[in-house]
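Shown next, in structure tokens, is the structure this report addresses.
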Amino acid sequence: MLLLSGVLGGIQCQQRQSETANNQQEPKVDYAIVIHGGAGNTQQADLPEERREQYRDKLEEALNKGKSLLKQGGESLDVVEQVIHILEDARLFNAGKGAVFTHKGTNELDASIMDGATLNAGAVAGVGDIKNPITAAKTVMEKSKHVMLAGAGASRFAREQNLEMVDSSYFYTERRWKSLQEHLEREKNGTVGCVVLDSRGNLAAGTSTGGMTNKRYGRIGDSPIIGAGTYANNKTCGVSATGHGEYFIRYNVAHDISALMQYKGLSLQKASEKVIQEKLARENANGGIIAVDHKGNVSMTFNTNMMFRAYARSTGEEGVFIFK
Ligand code: ASP
């Protein structure tokens with residue numbers, strides 16, 4: 001186990017962590033990676049130690065995969081894709097195998113990815129038969145002239161591109177089914193995301209989700225929307241968000257953080273806090289973000305009780321966390 005989770009109490013833990021991660025005296029950061037597995041208002045007491053352990057282990061596995069790829073000179077986009085694959089396949093998170101159910105009892109998954117070097121981006125929305133939506137998003141970016149494909153068209157494209165397709169029953173998990181039946185508010189989060197700065201100085205960000213439990217009418221959240229749930233720009237930062245998507249769309253959260261850095265000269269941490277702790281919190285909009293800037297500073301900022309998260313930098317700091 002890499003590090004503590006919920007051992008250091010309160011927001012101070014988060015601040016200390018950010019300060020360490022942002023220390024300007026340190027040598028140049030060769031790479032940085034940060035991942036999230038969703039934010040929510042689950043209380044510590046409602047997440048038994050055994051279950052915390054499962055989440056920490058999976059986050060650590062994903063982080064280690066990302067680190068080893070980055071150490072070998074891996075490119076940010078590939079690292080984001082491969083790390084998110086692990087989280088999508090895990091069944092623990094609300095993405096890929098563990099996606100939540102819609103009101104109709106189906107699974108409609110969203111994902112997006114963005115390349116900070118070129119501002120190229122790809123996304124899929126409302127898909128129910130693509131095993132790894134993050135790969136579909138990356139394929140849309142690389143192999144089509146569009147940015148976002150939805151529903152049946154996205155599935156058709158994925159099939160034509162020989163991506164791994166699954167029967168819709170693949171996404172059935174008993175836990176999520178029960179969650180729909182019980183309309184458990186606190187079960188609704190668990191989106192996954194990854195942001196990477198690679199050794200070439202390129203940023204990439206990706207996000208993948210099942211959306212919100214009990215969603216209706218083809219609802220699409222922020223996760224596949226570039227600028228809302230995902231954004232990357234080598235000039236500023238890469239961001240992946242999790243939380244109440246409707247607000248993240250209205251507040252254009254991921255791009256707003258980048259814009260505050262670019263136009264107002266704020267640091268990554270200040271920009272993230274302004275958007276999550278001021279703008280969103282004022283609206284009682286729950287959620288958080290993970291982000292890396294072009295210098296390798298890391299931010300993991302959320303206004304909920306917890307956010308599954310982990311980060312590592314080439315300078316040696318790393319950690320896996322769940323609660324504040
Ligand atoms: N942001 C996602 C959505 O609104 C859900 C989440 O992050 O939990 O679809």
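Filtering the range 251-272 for residues that are within 16 Å of the ligand (Cβ to nearest atom) and either at pLDDT below 95 or aromatic (Phe, Trp, Tyr) (or both) leaves a non-empty set.
Scanning the range 251-285 for residues being touching a residue at least 40 places away in the same chain (Cβ under 8 Å) and assigned to a helix (DSSP H, G or I) gives a total of 3.
Among the listed residues Phe321, Phe308, Phe302, Phe248, which satisfies the condition of being buried (at least 24 other Cβ atoms within 10 Å of the Cβ), in contact with a His (Cβ under 7 Å, 6 or more places away or on another chain) and either without any contact (Cβ under 8 Å) to a residue 24 or more places away in the chain or not aliphatic (A, V, I, L, M) (or both)? Write out each step before concluding.
Numbers: Phe321 fails: in contact with a His (Cβ under 7 Å, 6 or more places away or on another chain); Phe302 fails: in contact with a His (Cβ under 7 Å, 6 or more places away or on another chain); Phe248 fails: in contact with a His (Cβ under 7 Å, 6 or more places away or on another chain).
Step by step, each of Phe321, Phe308, Phe302, Phe248 is checked, and only Phe308 is buried (at least 24 other Cβ atoms within 10 Å of the Cβ), in contact with a His (Cβ under 7 Å, 6 or more places away or on another chain) and either without any contact (Cβ under 8 Å) to a residue 24 or more places away in the chain or not aliphatic (A, V, I, L, M) (or both).
Here is a check on your reading of the model: is Ser179 more than 16 Å from the ligand (Cβ to nearest atom) and either assigned to a loop (DSSP other than H, G, I, E, B) or among the hydroxyl-bearing types (Ser, Thr, Tyr) (or both)? Taking the combined requirement at face value, the residue does not satisfy it. Scanning the range 200-246 for residues that are near the ligand (Cβ under 8 Å from one of its atoms), within 21 Å of Trp177 (Cβ to Cβ) and assigned to a strand (DSSP E or B) yields a single hit, Thr209. None of Gly73, Gly96, Gly40 is buried (at least 21 other Cβ atoms within 10 Å of the Cβ) and at pLDDT 95 or above except Gly96.
The values are calculated or read from the model by the stated rules, or taken from the named source; none is laboratory data. Remember, it's a predicted structure, so these values are computed and weren't measured experimentally. Because the Cβ atoms are built from the backbone with ideal geometry, glycine has one as well, and the counts that use them run over all protein chains shown.
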